[in-house]
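S.K.: Can you keep this structure in mind? I'll have questions shortly.
Each reported figure results from applying straightforward, stated rules to the coordinates on display, with no laboratory input. Since this is a predicted model, take the numbers as computed values, not measurements. We place every Cβ from the backbone using ideal geometry, glycine too, and count neighbours over all the protein chains shown.
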Amino acid sequence: PYTCGACGIQFQFYNNLLEHMQSHAADNENNIASSQPRSPLPVVEEKWKPQLQRNNTNNTSASGSVGNSAIPEKERQNIAERLLRVMCTDLGALSVVSGKEFIKLAQTLVDSGARYGAFSVTEILGNFNTLALKHLPRMYNQVKVKVTCALGSNACLGIGVTCHSQSIGPDSCYILTAYQVEGNHIKSYVLGIKGVDIRDNGDFIHHWVQNVLSEFVMSEIRTVYVTDCKVNSSAFSKAGMCLRCSACALNSVVQSVLNKRTLQARNMHEVIELLNVCEDLAGSTGLSKETFGSLEETSPPPCWNSVTDSLLLVHERYEQICEFYSRAKKMNLIQNLNKHLLSNLAAILAPVKQAVIELSNESRPTLQLVLPTYVKLEKLFTSKANDAGVVSKLCHLFLEALKENFKVHSAHKVAMILDPQQKLRPVPPYQHEEIIGKVCELINEVKESWAEETEFEPSTKKPRAAGEAAAAQEEDWFGKNEVYDYLQEPLFQATPDLFQYWSCVTQKHTKLAKLAFWLLAVPAVGARSECVNMCEQALLIKRRRLLSPEDMNKLMFLKSNML
C-alpha cells in the first residue's frame with residue numbers, strides 16, 4: 001500500500017494517494033490564508049485605489065475598466081466557497097445564484113459596501129455557477145481529506161457501511177454511507193450517491209461501492225455492510241459481513257403474507273375485503289392528518305412501504321372515522337368493515353411497525369435490537385397461531401415469512417451480548433453457548449489487527465517453542481474468560497449509554513470493548529430520514545441536466561459532510 005507521509009493513511013492505488021496529497025496541500029494553503037490577520041487587506045486596497053481613482057475620477061461606474069484580475073485569486077476562492085455553501089444548504093440554489101434577482105442583490109451589496117467605487121459583479125466574477133463549479137473539485141478534495149483522515153484514524157479498526165436505494169417515481173438512486181464511533185457518538189459520512197437504472201444488477205452496485213470505498217479506506221479495515229434486498233449480498237460477503245436492512249426485511253415479511261394474490265390463493269377473501277375497505281377509507285378526502293391527527297409521533301424509515309399503514313390508521317381512529325362518516329351520511333363503507341378481524345390484525349401488525357420504528361432510531365445504536373426483535377415477533381406469532389379462524393392461518397404464514405426474510409446474522413448475536421441491559425436474557429438458555437462461541441470467533445478473527453496495538457495485547461508470558469499449541473489454546477481461553485467475566489456482572493436496570501459504558505470498562509474488558517465500538521456503530525436499518533430528500537434533489541439535478549453526474553456526486557458529498 002501507498003502511505004501518506006502527512007497523516008499516515010494508506011491507499012491501494014497511487015492515483016488515490018496523489019489526490020489525497022493534493023488535497024492536503026490545498027487545505028494547508030487555506031489554513032495559512034485564514035490564520036493571517038486582516039491587516040494586510042488595506043495594502044491590497046491601496047493597490048486597487050489608485051487604479052479606481054484614475055479610471056473613475058468623476059465618481060462614475062468603473063465597470064468598463066476593471067477586469068477580472070482586479071480581485072486576487074484568494075478572494076475569488078473565498079467567494080466560490082460561500083457560493084458552494086449556499087448551494088449545499090439548498091440545491092435549489094443551483095438555478096437561483098444565476099438568476100437576475102440574485103445578481104441584483106450581489107450588485108447592491110458591492111455598490112453599497114465598496115470603499116473605492118462601484119463595479120459590475122458580472123464582469124468581475126462572471127457567471128456564479130461557473131465560478132462555483134470551477135472551485136468545486138478543490139473544495140471536494142479538501143473535505144475528502146478530512147473524511148479520509150477521520151475514517152483512517154478509527155481506533156476500533158472497523159466501520160459500518162450502508163448501501164441503500166431510494167425510489168422517487170420511476171427513478172431510483174443509491175446512497176453509500178459510512179458509520180463509525182467518534183467520542184461517544186455515532187458519526188456518519190455520505191461517501192457517494194449514484195442514480196441507477198432498473199437494468200443494473202447487484203454486481204454493478206457492488207463494484208461501484210468498492211471503487212468508492214477504495215478512495216477513503218484501506219481494504220484491510222473491517223467492514224459490516226447493510227444493504228437492501230436489491231443488492232447481491234453474496235458479492236459483499238466476500239469483502240466483509242453483509243447484513244440485510246431490518247426495515248426492508250420486516251417489510252418483506254408483511255408484504256409476502258398480505259399480498260392479495262397469496263391471500264386469494266389461500267381463500268382468505270375476508271382479509272382482502274378488509275384491506276380494500278381500509279385503503280378506501282385511508283385514501284378518501286375525509287381521512288387526513290389534519291382531521292384526525294397523525295398516527296404516530298415517529299415515522300418509520302423510507303424503506304417501510306407497508307400495506308398495513310392504512311389498516312393501522314383506520315383501527316387507531318375508528319371512533320373518529322365513524323363519527324365523521326355518520327355526519328356525512330356515508331355509512332356504507334363503515335358497514336362493510338369487519339371490526340373483529342380489524343382488531344385482530346392490528347394486534348399482530350402494530351408490534352411489527354413499532355419494531356421497525358425502534359430499529360430505525362438514528363440517535364442511538366440499534367444493531368443489538370435485531371435478535372430480540374426477532375424473538376419477540378416469533379413469540380407473538382406463535383401465541384396467536386393457536387387462535388381459531390383466519391387469524392391462526394395468518395400467524396402461521398407470518399412465522400414462515402419471518403424465518404425466510406428476517407435473517408439473524410452472527411453480528412446481530414454478538415451486538416446483543418454487548419448491550420449490558422440485555423446480554424443473553426432475550427434468548428433461551430440452550431442458545432447461550434452458541435452465541436458465546438460466536439463472540440469468541442469474532443474476537444479471534446479480528447485479533448490480527450489488534451496485535452499491532454500494544455495496549456490491547458494480553459499481558460501473558462511468551463510460551464516456549466515446544467508449547468505453541470498449548471499457548472494458542474490458553475490465549476483462546478483467555479478470550480472466553482473475558483466474555484464469561486462480563487456475562488457474570490449484573491444486568492443494567494436502566495437503559496445505558498452504550499458507548500459511555502464501554503469507554504468506562506475498556507481496560508477491564510479490552511476485547512469486548514473493541515467489538516462494541518465497531519459493531520454498535522453499525523445501524524440495523526440502511527435507509528435514513530434524509531435519504532428521500534437527497535435522492536429527490538439528486539434525481540432533479542439529473543432530469544434537468546443541471547450538473548454532470550460527477551459534479552452532482554461531489555456537490556452532494558459537500559452537502560452531507562461540509563455543513
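S.K.: Name the long-range amide H neighbours of CYS242: under 5 Å, sequence gap of 5 or more, or other chain; modelled H, no Pro or chain starts.
M.R.: So CYS242 has HN proximity to TYR225.
S.K.: So if R0 is 30 Å, what FRET efficiency would LYS480 and ARG425 give, r being the distance between their Cβ atoms, rounded to the nearest 0.05? Numbers along the way, then the final one.
M.R.: Values: r = 20 Å, r/R0 = 0.66.
Efficiency at R0 = 30 Å is approximately 0.95.
S.K.: Would you calculate the separation in nanometres between label points at ASN184 and GLN507, each defined as 7 Å from the Cα along the Cα-to-beta-carbon direction?
M.R.: Calculated label separation equals 1.8 nm.
S.K.: When we measure straight from the Cα of LYS511, which lysines land under 17 angstrom away, once same-chain ones fewer than 8 places off are left out?
M.R.: List returned: LYS413, LYS423, LYS438, LYS447, LYS480.
S.K.: Here is a further query. Which of the trypsin sites (Lys or Arg not before Pro) found in the stretch 511-563 are loop residues per DSSP with 16 or fewer other Cβ atoms within 10 Å of their Cβ?
M.R.: Numbers: sites: LYS511, LYS514, ARG528, LYS542, ARG543, ARG544, ARG545, LYS554, LYS559; in loops: ARG528, ARG545.
Sites meeting the loop and neighbour criteria: ARG545.
S.K.: Then there is this: Scan around LEU191 for amide H atoms under 5 Å from its own, H built in the peptide plane at 1.01 Å from N, and keep only partners 5 or more places away or cross-chain.
M.R.: Hits under the 5 Å cutoff: LEU176, THR177, ALA178.
S.K.: When every alpha-carbon pair in the stretch 166-281 is counted, what percent end up more than 18 Å apart? Don't skip to the end; give the middle numbers.
M.R.: Values: 4272 of 6670 pairs.
In whole percent, the long-distance tail amounts to 64.
S.K.: Given 37 °C and 0.692 mPa s, how large is the Stokes-Einstein diffusion coefficient of the stretch 317-390 in µm²/s, with Rh as the Kirkwood radius over Cα pairs? It would help to have the intermediate numbers written out before the result.
M.R.: Values: Rh = 15.2 Å.
After rounding, the answer is 217 µm²/s.
S.K.: Moving to a separate point now. Efficiency by 1/(1 + (r/R0)^6): what FRET value for PHE13 and ARG82, r their Cβ-Cβ distance, R0 = 51 Å, to the nearest 0.05? Walk me through the numbers on the way to the answer.
M.R.: On the way: r = 34 Å, r/R0 = 0.66.
With R0 = 51 Å, the Cβ-Cβ based efficiency is 0.95.
S.K.: Just subtract the alpha-carbon distance of LYS376 and LEU105 from 0.36 nm times their residue separation and send over the number in nm, one decimal.
M.R.: Numbers: separation 271, 0.36 × 271 = 97.56 nm, distance 5.94 nm.
So the extension gain works out to 91.6 nm.
S.K.: Amide H of SER172: which non-local residues (sequence gap of 5 or more, or other chain) have their own amide H closer than 5 Å, using H built in the peptide plane?
M.R.: VAL196
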